[in-house]
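S.K.: The structure that follows is given in the form of structure tokens.
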Amino acid sequence: MKEHNYQIDLKWTGSEGVGTKNYSSYSRDFEVIAPFKNHLIQGSSDPSFKGDRTRYNPEEVFLSSIASCHMLWFLHLCSTKKIVVLEYQDQAIGTMTEEKDGSGRFKEVTLHPEIVVAASVELELVEQLHKKANEMCFIANSCNFPIGHKPKVRVQGQV
């Protein structure tokens, strides 16, 4: 078995001079960067938890990890089946539940990929490739909740 190691550097930027004196005394802002990356991710908590809505929250970053990992596997599988994908976009939606004690977890994620292909392809094959991409995706394999797929496929030049 092969192992891959990943590293990120996380820095909280919200001390505001008094730190975590109380729940309202600090900002939830943080920055994430990884070795050899040119851009950092500016994050905060969800606005429901006193975060900055203009920054990415951990839940959105998690959802983007699921969607992008799935997309990359799907594109790979299409290339092996000689399906030419010209465009791919997704509007991923995740539902998280929050418990009375403040803890929470995702209960489901649904991907809504919209794909443009060069030539006609059977929708059943596209659905099979999405299922296989889900089985292969490293992030999806690390989740303990269902990840659904509702793909739409369009042939280039057709409405």
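S.K.: Going through the stretch 64-77 one residue at a time, which ones are surrounded by fewer than 19 Cβ atoms within 10 Å (Cβ to Cβ) and under 14 Å from the mean Cα position of the chain (by Cα)?
M.R.: Scanning the stretch 64-77 gives S64, S65, S68, L72.
S.K.: Also, I was wondering about something else. If I ask for residues that are β-branched (V, I, T) and in contact with an Asp or Glu (Cβ under 6 Å, 6 or more places away or on another chain), which ones from the stretch 25-81 would you list?
M.R.: I33
S.K.: So, of the residues in the stretch 135-151 that are in contact (Cβ under 8 Å) with a residue 60 or more places away in the chain and either at positive phi or out of contact with any strand residue (DSSP E or B) (no Cβ under 6 Å at 6 or more places or on another chain) (or both), which turns out to be surrounded by the fewest Cβ atoms within 10 Å (Cβ to Cβ)?
M.R.: Among those that are in contact (Cβ under 8 Å) with a residue 60 or more places away in the chain and either at positive phi or out of contact with any strand residue (DSSP E or B) (no Cβ under 6 Å at 6 or more places or on another chain) (or both), it is F138.
Conditions (1) under 30 Å from F49 (Cβ atoms); (2) part of a strand (DSSP E or B), marked per residue:
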| site | (1), (2) |
| --- | --- |
| A67 | yes, no |
| F74 | no, no |
| I83 | no, no |
| E87 | no, yes |
| K100 | yes, no |
| I115 | no, yes |
| A119 | no, no |
| E135 | no, no |
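S.K.: For the stretch 1-59, which fully contained strands (runs of 3 or more DSSP E) count at least 1 residues that are out of contact with any Leu (no Cβ under 8 Å at 6 or more places or on another chain)?
M.R.: The qualifying strands (runs of 3 or more DSSP E) are 9-12, 41-43.
S.K.: Check T80, T110, T95 and return the single one that is more than 17 Å from Q156 (Cβ to Cβ), in contact (Cβ under 8 Å) with a residue 40 or more places away in the chain and either loosely packed, with under 13 Cβ neighbours inside 10 Å or of a type outside the set (A, V, I, L, M) (or both).
M.R.: Answer to the check: T110.
S.K.: Looking at the stretch 1-60 only, could you name the residues that are exposed (fewer than 14 other Cβ atoms within 10 Å of the Cβ), among the small types (G, A, S) and in contact (Cβ under 8 Å) with a residue 24 or more places away in the chain?
M.R.: S24, A34
No lab work stands behind these numbers, since they all come straight from the coordinates. All values derive from a computational prediction rather than experimental measurement. Cβ sites come from the backbone with ideal geometry, for glycine too, and all protein chains shown count toward neighbours.
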